[in-house]
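Peer 1: Got a structure for you, questions after.
The values are calculated or read from the model by the stated rules, or taken from the named source; none is laboratory data. Predicted model, so just to flag it, every value in this text is computed and none were measured. Using ideal geometry, Cβ is built from the backbone for each residue, glycine included, and neighbour counts are taken over all protein chains shown. Calculation scope for accessible area: heavy atoms of the full protein, side chains included, ligands and nucleic acids excluded. Shrake-Rupley method; radii C 1.70, N 1.55, O 1.52, S 1.80 Å.
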Amino acid sequence: MVKEKWWKSSVVYQIYPRSFCDSNGDGIGDLNGIHSKLWYLRELGVDVIWLSPVYASPNADNGYDISDYYGISPEYGSMEDMKALILECKNCGIRVIMDLVVNHTSDEHPWFVEAKKSRDNPYRDYYIWRKGQAGGPPNGLKSGFGGSAWEYSEETGEYYLHFYHKKQPDLNWENEAMRKEIWKMMNFWIDMGIGGFRMDVIDVIGKIPDQEIKENGPRLHQYLQEMNRETFGDKNLMTVGECWGADIENGSLFSDPDRRELDMIFQFEQMLADQVPGKQKWDLRPLELRRLKQAFAKWQQALDEKGWNSLFWNSHDLPRIVSRWGNDREYRVQSAKMLATVLHGMKGTPYIYQGEEIGMTNYPFSGIEDLVDVESVNLYHERKRAGYREEDIMKSLRAKARDNARTSMQWNGGREGGFTEGTPWYRVNPNYREINVERALEDPDSIFHYYKKLIRLRKEEPILIQGSFLLLCPEDETVFAYMREWNGKQWLILCNFYENPAGFSYSGKGRVILSNYEQDPVVGLEQVKLRPYEAIVCEII
Ligand code: NOJ
C-alpha cells in the first residue's frame, strides 16, 4: 500500500504572531511567546503551525509587506529565536510552515529601492512598470485595498503595479532572475528545517496587467511547477496555496499530485455564502445554508481523487466563525462545537485559527476609531465618500473586518487576557474573563476539549482521511448532513445550523462517536429531532 502523505492526517494551527503571546512586554506577540506556549499546542494535539509572516517589514499590512526575506523582524525576535523555535517544535513533533509572500514585496525591500531609481536599473524589471494614460494610471486595475492598483513614481515618471497596498509593489514573475532569487530564498528556509510553505495569494503571480488579468494567468502553473522542481519538490514538505480566484474547473490543477505543483489549495468559495453574489464581502446578506453546503460538496467532489482540500472557517483575514455563522451569545459553546464538527468531518486538512478552539468571538466595534486594519480603514472612507450611511458601513465592518481576528489571544482572566504585561499593539476582546484558555482547559465540556477530540479522531480513523463524501438533503435549509464512506464503513455527520429544533430522517441506527450534546450510545435515525446547534457523528449500524 502506498503510504499516505503526512499532511493528509495533520491538523494545522495558524498563529498570527503579533497577537498570540508577548514574552517581553512590548505589547507585540513574538517568537519566544510562541515558544512558551508550545505545551498548549501539544495539549491540543496539532501537527503543524503556520506562522503568519515574521520577516522584517515596515508593517503597512502587518508583515505581508516584506523588506527582507532572510531577516526576522526585531519586534518578533532574532534568527536565533527562530531556529530555537523550529528545533523545539521538532522535538514536540510539530512542523513549522512559513508564510511565503512572493506576489509582492515591501516598497522598502532593497530590490524595489533600486528598481524605482531609474528605468535602466538592473532591478527595474523585478517589478511591473507602465506609462500613464491620458494623465492617469495605465488602466483600470483595482487594488484589493481600494483605489487604483497603480501608483505613480516621481523618480522615473512611470507607474508601478500593486494589487494590495501601495507599499506592496507586485513582483514581475516573468523575470527569470527574480524567480531564481525566490527559489534561493525558499531553499534557505527549507535548509533551516521548516515543514513547508503557505503561499500568499499565489494564484495571482501569473498576472497579465495589460490585459487586466489578475488570477490564473497563463503561466501560473508553469511557475508553480518550476518552483516545485527548484525547491521543495523532493523534500516531503507541505505546501498550500492561497487561491481566492480558484474555481472547480482550475482548482484541481494546483494540487493534482501528477502535476507536481502544490499539495493543497486554500480556496474561499464556502466563505461567500453570506454575501450578495458578485459584490464585495461587505455587501451582507444572511447565511444561505444551501449555498454553503453546495460549495463544500462541490469542492469535496472535485478534489476527491486528484487533489486535496484545506478545511477552514477562520484565518487572520476572516471574522470569527462563532459570531458569523454560530451564535456567540447563549449558544456559543454548542454552536462553536457544531461548526467544528461540520468542518473536521470532511475530507481535507483542517486549519484552526488561534482562539477558534476556545470559541473567541468578533469584537464589538463601536466606531471606526476601534479599527486599525488598512483594508477596513480604506473601505470606511471609500464608502463614506460614496454616500453610504455610517451605520451601514459599521454593520459591514462589525461583520467582516479582519481586525475581528486580530485581537489578543485570550490566555486567562488577568490583565489584557494574559497576552502581554505591557500595552497591547491592538486590543483584547472585553469578554476575555469569560472566554480564555485557562478556563477552557479546566472545563471538560469546553470547546477546547471538543476540538481535541476531533483532532484525535482524525489520527485514529482513516475514514476521515480517505472516506468518500456524499451530501445528504442538499435542499434542507437548516440541517447540514453528509455521509463519509470507506472500507465498508459509513459515518453520518449531522448538524443543525440554527437555534430552532430541526428534523432529519435516515433509515437505521447510528452508534454515536461524538456529539456536542449528551446522547445514548446508539441513536435511532428514523426521526431525529435535532436540538439547537446539535451535532452528531455516528457510525451507521
Ligand atoms: C492575503 C493575506 O492573507 C492578507 O492578510 C494580505 O493582506 C494579502 N494577502 C496581501 O499579502
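Residue by residue, here is whether (1) in a loop (DSSP other than H, G, I, E, B); (2) in contact with a Pro (Cβ under 7 Å, 6 or more places away or on another chain); (3) open to solvent by 20 Å² or more (accessible area, probe 1.4 Å) holds:
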{"position": "Leu492", "(1), (2), (3)": "no, no, no"}
{"position": "Ser507", "(1), (2), (3)": "yes, no, yes"}
{"position": "Arg511", "(1), (2), (3)": "no, yes, yes"}
{"position": "Leu514", "(1), (2), (3)": "no, no, no"}
{"position": "Lys529", "(1), (2), (3)": "no, yes, yes"}
{"position": "Tyr533", "(1), (2), (3)": "yes, no, no"}
{"position": "Cys538", "(1), (2), (3)": "no, no, no"}
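Peer 1: Okay, next question. Sort out which residues of the range 352-370 are closer than 15 Å to Tyr426 by Cβ, buried (at least 23 other Cβ atoms within 10 Å of the Cβ) and either within 16 Å of the ligand (Cβ to nearest atom) or aliphatic (A, V, I, L, M) (or both), and write them in order of number.
Peer 2: Matches in the range 352-370: Gln354, Met360.
Peer 1: Would a scan of the range 376-395 turn up a residue that is more than 16 Å from the ligand (Cβ to nearest atom), within 25 Å of Gln354 (Cβ to Cβ) and not basic (Lys, Arg)?
Peer 2: As a first pass, look at the range 376-395 and keep what is more than 16 Å from the ligand (Cβ to nearest atom): 380-395.
Remaining after also requiring within 25 Å of Gln354 (Cβ to Cβ): none.
So far as the range 376-395 goes, no, none of its residues is more than 16 Å from the ligand (Cβ to nearest atom), within 25 Å of Gln354 (Cβ to Cβ) and not basic (Lys, Arg).
Peer 1: Looking for whichever is over 29 Å from Gly206 (Cβ atoms) and either touching a residue at least 40 places away in the same chain (Cβ under 8 Å) or more than 16 Å from the ligand (Cβ to nearest atom) (or both) here; the options are Gly326, Gly278, Gly251. Which one fits?
Peer 2: Exactly one of Gly326, Gly278, Gly251 is over 29 Å from Gly206 (Cβ atoms) and either touching a residue at least 40 places away in the same chain (Cβ under 8 Å) or more than 16 Å from the ligand (Cβ to nearest atom) (or both), namely Gly326.
Peer 1: Filter the range 67-98 for residues that are closer than 30 Å to Ala149 by Cα and aliphatic (A, V, I, L, M); which is most open to solvent (accessible area, probe 1.4 Å)?
Peer 2: Only one residue tops the list, namely Ile72.
Peer 1: Restricting to the range 182-195, name every residue that is within 16 Å of Gln225 (Cα to Cα), more than 16 Å from the ligand (Cβ to nearest atom) and touching a residue at least 40 places away in the same chain (Cβ under 8 Å).
Peer 2: Let us first name the residues in the range 182-195 that are within 16 Å of Gln225 (Cα to Cα), namely 182-184, 186-187.
Cutting the leftovers down to more than 16 Å from the ligand (Cβ to nearest atom) gives us 183-184, 186-187.
Trp183, Met186, Asn187 - these are the residues of the range 182-195 that are within 16 Å of Gln225 (Cα to Cα), more than 16 Å from the ligand (Cβ to nearest atom) and touching a residue at least 40 places away in the same chain (Cβ under 8 Å).
Peer 1: While we're on this one: Hey, among the residues in the range 159-181 that are assigned to a helix (DSSP H, G or I) and closer than 30 Å to Trp6 by Cβ, which one's farthest from the ligand (Cβ to nearest atom)?
Peer 2: Of all residues in the range 159-181, those assigned to a helix (DSSP H, G or I) come to 176-181.
Retained after the next criterion (residues that are closer than 30 Å to Trp6 by Cβ): 179-181.
Numbers: Arg179: 19, Lys180: 22, Glu181: 18 Å.
The qualifying residue farthest from the ligand (Cβ to nearest atom) is Lys180.
Peer 1: Looking at (1) at pLDDT 95 or above; (2) closer than 21 Å to Ser143 by Cβ; (3) surrounded by 15 or more Cβ atoms within 10 Å (Cβ to Cβ), which is the one condition that is false for Asp256?
Peer 2: Unmet condition: (2).
Peer 1: Also, quick follow-up: With the range 8-96 as the region, which helices (runs of 4 or more DSSP H) entirely inside it contain at least 1 residues that are acidic (Asp, Glu)?
Peer 2: Working: elements: 31-36, 38-44, 79-91.
Those helices (runs of 4 or more DSSP H) span 38-44, 79-91.
Peer 1: Please work out which one of (1) open to solvent by 30 Å² or more (accessible area, probe 1.4 Å); (2) in contact (Cβ under 8 Å) with a residue 60 or more places away in the chain is the condition Leu141 fails and give its number.
Peer 2: Unmet for Leu141, out of (1) open to solvent by 30 Å² or more (accessible area, probe 1.4 Å); (2) in contact (Cβ under 8 Å) with a residue 60 or more places away in the chain: (1).
Peer 1: Residues to consider are Val113, Val101; find the one that is within 26 Å of Ser52 (Cβ to Cβ) and open to solvent by 10 Å² or more (accessible area, probe 1.4 Å).
Peer 2: Going through Val113, Val101 in turn, the sole match is Val113.
Peer 1: Just to verify a result, which residue in the range 374-414, among those that are more than 25 Å from Asn327 (Cβ to Cβ) and not in a helix (DSSP H, G or I), is least open to solvent (accessible area, probe 1.4 Å)?
Peer 2: So in the range 374-414, the residues more than 25 Å from Asn327 (Cβ to Cβ) come out as 374-375, 377-390, 414.
From what's left, not in a helix (DSSP H, G or I): 386-389, 414.
Values: Ala386: 72, Gly387: 61, Tyr388: 99, Arg389: 148, Gly414: 31 Å².
Filtering first and then ranking leaves Gly414.
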